[in-house]
1. All but one of (1) out of contact with any strand residue (DSSP E or B) (no Cβ under 6 Å at 6 or more places or on another chain); (2) among the β-branched types (Val, Ile, Thr); (3) surrounded by fewer than 18 Cβ atoms within 10 Å (Cβ to Cβ) hold for VAL220, so report the exception by its number.
2. If you scan segment 308-336, which residues turn out to be touching a helix residue (DSSP H, G or I) at 6+ places or on another chain (Cβ under 8 Å), outside any strand (DSSP E or B) and not aliphatic (A, V, I, L, M)?
3. Only residues in segment 170-185 that are in contact (Cβ under 8 Å) with a residue 60 or more places away in the chain count as the first member; pair them with residues that are surrounded by fewer than 20 Cβ atoms within 10 Å (Cβ to Cβ) and not in a helix (DSSP H, G or I), Cβ under 6 angstrom, at least 6 apart or cross-chain, and list the lot.
4. Which residue, of LEU408, LEU361, is closer than 30 Å to GLY132 by Cα and either surrounded by 18 or more Cβ atoms within 10 Å (Cβ to Cβ) or among the basic types (Lys, Arg) (or both)?
5. Among the candidates LEU77, LEU69, LEU41, LEU31, single out the residue that is aliphatic (A, V, I, L, M) and over 24 Å from LEU408 (Cβ atoms).
6. Restricted to segment 443-487, and to residues that are of a type in the set (Lys, Arg) and assigned to a loop (DSSP other than H, G, I, E, B), which residue is nearest to SER384 (Cα to Cα)?
7. Of the residues GLY66, GLY103, GLY92, which is surrounded by fewer than 21 Cβ atoms within 10 Å (Cβ to Cβ), in a loop (DSSP other than H, G, I, E, B) and touching a residue at least 40 places away in the same chain (Cβ under 8 Å)?
8. Can you tell me which of LEU420, LEU368, LEU395 is of a type in the set (A, V, I, L, M), closer than 22 Å to VAL63 by Cα, modelled with pLDDT of 95 or more and surrounded by fewer than 24 Cβ atoms within 10 Å (Cβ to Cβ)?
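The values are calculated or read from the model by the stated rules, or taken from the named source; none is laboratory data. It should be emphasised that the depicted structure is a prediction, and the values quoted were computed from it without experimental measurement. For neighbour counting, all protein chains shown are included, and Cβ atoms are generated from backbone atoms with ideal geometry for every residue, glycine included.
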Amino acid sequence: MRVVAADRERSGDALPDWERPSLLEAAERALVGARSLPLWLDDPQRPDSAPPLEGHHHADAVVVGGGFLGLWSALALRRHRPRWRILLLEGGRLGTGASGRNGGFCEASLTHGLANGLAHWPKELAELERYGAENLAGIRAFVEEEAADVDLVTTGTLDVALTAWQADELAGLAEVAVRYGHDVTLLDEEGVSEEVRSPLYRAGLWTRNRALMLNPARLVWALARAARRQGVEIAEGTRAVRLAGEGPFVRVETGSGASVLAHRVIAATNAAPPLVARARWYFVPVYDYVVATEPLTVSQRDAIGWQRRQGISDAGNQFHYYHLTADGRIVFGGYDAVYRPVASPRWEGLQPTHRRLVSHLLATFPALQGIRITHAWGGAIDTSTRFVASAHSALGGRVHYAVGFTGLGVAATRFWAEILAARAVGERHPAERLAMVRHRPVPWPPEPLRWAGIEATRRSLAWADAHGGRRNLWLRTLDRFGIGFDS
């Protein structure tokens, strides 16, 4: 293991000048002609849309939402109840929400990282880490059993430090990670350069066994194929607009006039306006933006290395995440987390943040000057005050839902789907005894306090990044009460 020299006095210990005029001008040129459709959905393998639901139906269970949470829930329900009629309703097309708009990181952590887990559930963290590892293994096993072409990369993640204080934090994190069974290597500047070459990198932490990189839309489509094969009925273009109790049943009403009378409902709608009114207190929609380059040339690949294709994140509070696709594109996202009071498709297309992202990409990899951006998109993240999802019930236990995945839903949705499905069939998942599952997060305040608090937090995080990671009074107060804002 390489050792990082912690040297806060080293000259030039400041964040990069991400947004020099020359970089912004180059970014503007690179974005000309970029499509707002996510790269993952712009795929000839994308299946045809299923027909919408028509008429009035009865079912044992209805799942609302055709992303990861909904599809894993449908499969879990089928495993528990082989004879049930299960309907899955998707308002648009499968995977067009967060499940098809993320960066392709599939991480084991159920606690939004070790630091957050230690802050909230220190006595249970070892067990939560075990659940996370088992959950990730379950996803990998599904991909292998289905022979799903999801561009699975198993070399893990590389957290990179851009300043000395970030290097110090990675060194401390490495010590904690080893105690919880993470396979990590701490890299100095030379070591990280051997993996990926950027003039910005000062150190790195390579974690091999806690994440998979994949094509998220293809995973959605593989889940849908498995669900259909097991008898789950899927209707696309069928937007559920209201849930109403009718005796022992729940009526699911749709915008087209079709309806379903069901014994149980699982609402898996992520950051969209919720079907259960009280859910809006447990998440806020935060928009995250991503760009994808054209395939890199041989000389560009040689210039940056990155042969193992680890997923990369930098270690600041405002961070970037990026990885390399099978055809040699860089998918690069993060940094800005833009709060919007209500999720809407109008925020998913080309935004000023995309120009900023491309300038940051070019600062990170100067060898990519002149590269073209082919796709630039955005999507809403359902952000919780504790950075971790929570499960809830409504209408006398006939409706179940989970919200608040805060950017780690590619894997965590499978874990929470198992809990929702067990509740729906009247069983108790073993994880129900954990405090993380039993306790609800602190609710978000009403507007305008919600907006003011989020803006104060965003500004404070940017200040901390520019001042050696020091947390101001506002951030220290949030830390004390175990709440925060992230994407």
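1. Tallying (1) out of contact with any strand residue (DSSP E or B) (no Cβ under 6 Å at 6 or more places or on another chain); (2) among the β-branched types (Val, Ile, Thr); (3) surrounded by fewer than 18 Cβ atoms within 10 Å (Cβ to Cβ), VAL220 fails exactly one: (3).
2. ARG308, GLN310, GLY316, ASN317, GLN318, THR325, GLY328, ARG329, TYR335, ASP336
3. Taking only residues 6 or more apart or on different chains, the pairs are THR185/MET1.
4. Numbers: LEU361 fails: closer than 30 Å to GLY132 by Cα.
Answer to the selection: LEU408.
5. Working: LEU77 fails: over 24 Å from LEU408 (Cβ atoms); LEU69 fails: over 24 Å from LEU408 (Cβ atoms); LEU41 fails: over 24 Å from LEU408 (Cβ atoms).
The unique qualifying residue is LEU31.
6. Here is the first cut: in segment 443-487, the residues of a type in the set (Lys, Arg) are 450, 458-459, 470-471, 476, 480.
Filter once more, keeping what is assigned to a loop (DSSP other than H, G, I, E, B): 470-471.
On the way: ARG470: 23, ARG471: 20 Å.
Among residues in segment 443-487 that are of a type in the set (Lys, Arg) and assigned to a loop (DSSP other than H, G, I, E, B), the one nearest to SER384 (Cα to Cα) is ARG471.
7. Numbers: GLY66 fails: surrounded by fewer than 21 Cβ atoms within 10 Å (Cβ to Cβ); GLY103 fails: surrounded by fewer than 21 Cβ atoms within 10 Å (Cβ to Cβ).
The match here is GLY92.
8. On the way: LEU420 fails: surrounded by fewer than 24 Cβ atoms within 10 Å (Cβ to Cβ); LEU368 fails: closer than 22 Å to VAL63 by Cα.
Residue meeting the stated conditions: LEU395.
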